[in-house]
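Encoded as structure tokens, the structure appears first; notes follow it.
The values are calculated or read from the model by the stated rules, or taken from the named source; none is laboratory data. These numbers were taken from a predicted model, which means no experiment stands behind them. Cβ placement follows ideal geometry from the backbone for every residue including glycine, while neighbour counts extend to all protein chains displayed. Side chains included, ligands, DNA and RNA excluded: accessible areas come from the protein's heavy atoms. Shrake-Rupley method; radii C 1.70, N 1.55, O 1.52, S 1.80 Å.
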Amino acid sequence: MSRNPRLLPTTRVEAFSDGVYAIAVTLLVLELGVPESSERLLEKLADDWPSFLGYLVSFSFIGGSWVAHVKLTRSLSAVDDVFVGLNLLKLLFVSFLPFTTSVMANHVADASQRPAAVLFGLNLTLASAMSLVLSGYAIRVQTLVREGEHLELRRHLRERWPFFVMLGLSTVVGAFLPVVAVIFYLAISAFMLIRPLLRLNLANRTQTSTGPRPGSG
């Protein structure tokens, strides 16, 4: 078992992380341009489809990443200095997303579409990788994990691996088929966001179906 001479409460890490996630999402929507003229409004909005596509991808990814972060910190009783540093590195990649989203949206339809799509994909992949690193570190330093939460944390880590692999492969696709890669980013990110909700709904249904019947007891 690793030594942890100075353990810290998780509350400060959670509060700071929540703030970064919230600011990143806010910056995303600020990148969406509003047509100044009322003429041909729908046509102008349609012409700006790369910006809306980028917003949907990044919002879904940030939302899914935040949900994963909530699940991770819920399983922890404390953090140490290394965890705090790794968490900051993850937030670095999350907070960088508004910039790479803007680059992708501005260039996905021109001659620079390939490097723009790859840069965006690398940002998503590195942020996803840091989620794995954080969970893996918490599992290794068992003093950080709440009693009885080790199996749940390992299951959480196993669930996150496919997303990282798929994002990495999609980034490679971006070097050849940029628009297809961005669509892959959207599909993967959306699944990252809705999967916990689907699991929660399934768990509620299972609990309801196995619960005591009315009038029994």
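So the values come out like this:
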quantity: Sequence-separation-based contact order of the stretch 1-81, relative, with Cα cut under 8 Å and 6+ spacing, percent; calculated: 64 percent
quantity: In nm, spacing of pseudo-spin labels at ALA187 and LEU92 (7 Å Cα→C-beta vector); calculated: 3.2 nm
quantity: Carbon and sulfur %, accessible surface of the chain computed with the full protein complex present, 1.4 Å; calculated: 66 percent
quantity: Exposure of THR125 as accessible area (Å², to 10), given a probe of 1.4 Å and all protein chains; calculated: 20 Å²
quantity: The chain, relative contact order in percent, only Cα pairs under 8 angstrom and at least six apart counted; calculated: 28 percent
quantity: Residue-count net charge about GLU152 - beta-carbon cut-off 10 Å; Lys, Arg +1, Asp, Glu -1; calculated: +4
quantity: The chain: C-alpha gyration tensor shape, a/c 1.5 cut-off, then a/b vs b/c; calculated: prolate
quantity: Neighbour net charge for PHE164 - beta-carbon separation under 15 angstrom, K R +1, D E -1; calculated: +3
quantity: Summed residue charge, Cβ within 13 Å of TYR21's Cβ, Lys/Arg positive, Asp/Glu negative; calculated: -1
quantity: Contour minus Cα-Cα distance for PHE16 and GLU31 (0.36 nm per residue); calculated: 3.1 nm
quantity: Largest to smallest accessible area among LYS44, LYS71 [probe 1.4 Å]; calculated: LYS44, LYS71
quantity: Cα gyration tensor shape for the stretch 108-158, rounded if a/c is under 1.5, else prolate or oblate; calculated: prolate
